[in-house]
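**Student:** Can you keep this structure in mind? I'll have questions shortly.
The values are calculated or read from the model by the stated rules, or taken from the named source; none is laboratory data. Since the structure is predicted, the reported quantities are computational estimates derived from the model, not experimental observations. With ideal geometry, Cβ positions are generated from the backbone for all residues, glycine too; neighbour counts draw on all protein chains shown. Protein only, heavy atoms only, side chains kept; ligands, DNA and RNA dropped before computing areas. Shrake-Rupley method; radii C 1.70, N 1.55, O 1.52, S 1.80 Å.
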Amino acid sequence: MKIIGWNINHRNGRSKTNMPTWIKTVIQEKEADIIVLTETSFNIPNWNKEYRNIFNRNEYYVFCSNNTDVGNNEVTIAIRKDYFEIECVKSFLSENHTYPDHLEIRCIHKETKQNIVIVGMRIHTMNITNKQKKNEFDIVLKSVEHDENIIIVGDFNNYRRGFEDEDWCLTKIKQLAKDYGFEMHTPAGGSIYQDNEGDFSFPEDHFFMRGHAIRISRLYDYDRTFVNKEKSVYIWGTDFQQYKGKDINGKNVYDYIVDPFPDHAIIEADFEIVRQKFDILSK
């Protein structure tokens, strides 16, 4: 089976412009069984329509959080009906910075009868401290502390490779997840800003998995090929920003891809669900 995660950059609808309709085509081409979209917003004029039409409702269960009234973005999750039965849906209200943007689906894999918890989330990035970011992730990890088979996917706003902080950076996120028994899966390179490698790449989109019944069989590279859908917007190719120099205060200045056009690469993996250890039943 396949799972993808994609931040589609609605930014709470601040642009008041329509999202690109080719997002539906990109998602359909992935043929994924679990799809997690972060930073969606009903303040985008055509999101109500796209939300109804972007997934084939005969093939997918589709769920969305409800943060619009508190001024934050949504998480949207689609799950293929052929493989899963849905037990319940839960979402933290992401008001202030107590909780991240969050949506949790508890389901049963039909073939193996395994209970699976799927979590989509986005750590906030505006007017928030690194300590608060850590707490947002910690509260999600605690919420599934007693569940066995869990997949978490999302945007963690964790800064670049090589950056260290006592509360929030790649190494701290990995350690926090490990403390709760999760394995972190991150492709090489970066999911935002420049399409580059090394310490100045920004891999901010990740998978976390825990449990004997689930395992990643293939982790793909971050996918930015959707930039070819609208080259007049993605004027720097697979880069989502361009360095412009410094302002009068000596701070770096950048040009960015405008919202609501996606400015994160897609994270993608093939995964397996097993009845017991080493007994692979579903791919």
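**Student:** Write out the trypsin sites (Lys or Arg not before Pro) in the range 215-264 meeting two conditions: DSSP loop, and at most 14 other Cβ atoms within 10 Å of their Cβ.
**Tutor:** Sites meeting the loop and neighbour criteria: 231, 251.
**Student:** Further question: Can you tell me the Rg and Dmax of the range 44-103, counting just the alpha carbons, in angstroms?
**Tutor:** Cα only, the range 44-103: 12.9, 37 Å (Rg, Dmax).
**Student:** Here's another thing I want to ask about it. Would you kindly derive the ³J(HN,Hα) couplings of the range 44-56 from the backbone phi angles with the Karplus curve 6.51 cos²θ - 1.76 cosθ + 1.60 (θ = phi - 60°), listing them in order in whole Hz, with x for Gly and Pro?
**Tutor:** Computed from phi, the couplings for the range 44-56 are 6, x, 9, 5, 4, 5, 5, 4, 6, 10, 5, 10, 6 Hz.
**Student:** Hand me the GluC sites (Glu not before Pro) from the range 1-105 located in a DSSP loop with no more than 14 other Cβ atoms within 10 Å, in residue order please.
**Tutor:** Those that pass, being in a loop and sparsely packed, are 31, 59, 95.
**Student:** Additional query: For the range 34-42, just list the computed ³J(HN,Hα) in residue order, Karplus coefficients 6.51, -1.76 and 1.60, θ = phi - 60°, integers in Hz, with x standing in for Gly and Pro.
**Tutor:** Using θ = phi - 60°, the values come out as 10, 10, 10, 10, 10, 6, 8, 7, 6 Hz.
**Student:** Next up: Among the lysines in the range 80-136, how many pairs, 8 or more places apart or on different chains, have alpha carbons under 30 Å apart?
**Tutor:** So the count works out to 8.
**Student:** Which whole number in µm²/s is D for the chain by Stokes-Einstein, with the Kirkwood Rh taken over Cα pairs at 4 °C and 1.567 mPa s?
**Tutor:** This corresponds to a translational diffusion coefficient of 67 µm²/s.
**Student:** Oh, and also: According to the square roots a ≥ b ≥ c of the eigenvalues of the Cα gyration tensor, what is the shape class of the range 37-182, taking rounded for a/c under 1.5, prolate for a/b larger than b/c otherwise, and oblate for the remainder?
**Tutor:** Oblate, because a/c is 1.5 or more while a/b does not exceed b/c.
**Student:** Once you order the gyration tensor axes a ≥ b ≥ c over the Cα atoms, which shape class does the range 132-283 get: rounded for a/c under 1.5, otherwise prolate or oblate by comparing a/b with b/c?
**Tutor:** oblate
**Student:** Rounded to the nearest whole Å², what accessible area per residue is found for the chain with the 1.4 Å probe?
**Tutor:** Per-residue accessible area for the chain comes out at 45 Å².
**Student:** Give me the percent of the accessible area of the range 140-229 that comes from carbon and sulfur atoms, probe 1.4 Å, all protein chains in place.
**Tutor:** With neighbouring chains kept in place, the figure for the range 140-229 is 44 percent.
**Student:** In addition: Cα centroid distance between the range 216-279 and the range 78-154, in Å?
**Tutor:** Cα centres, the range 216-279 to the range 78-154: 22 Å.
**Student:** Another question, if that's okay. Residue 160's amide H: which non-local residues (gap 5+, or another chain) put their own amide H closer than 5 Å, with H modeled 1.01 Å from N in plane and none for Pro or chain starts?
**Tutor:** Close amide H contacts, sequence-distant or interchain: none at all.
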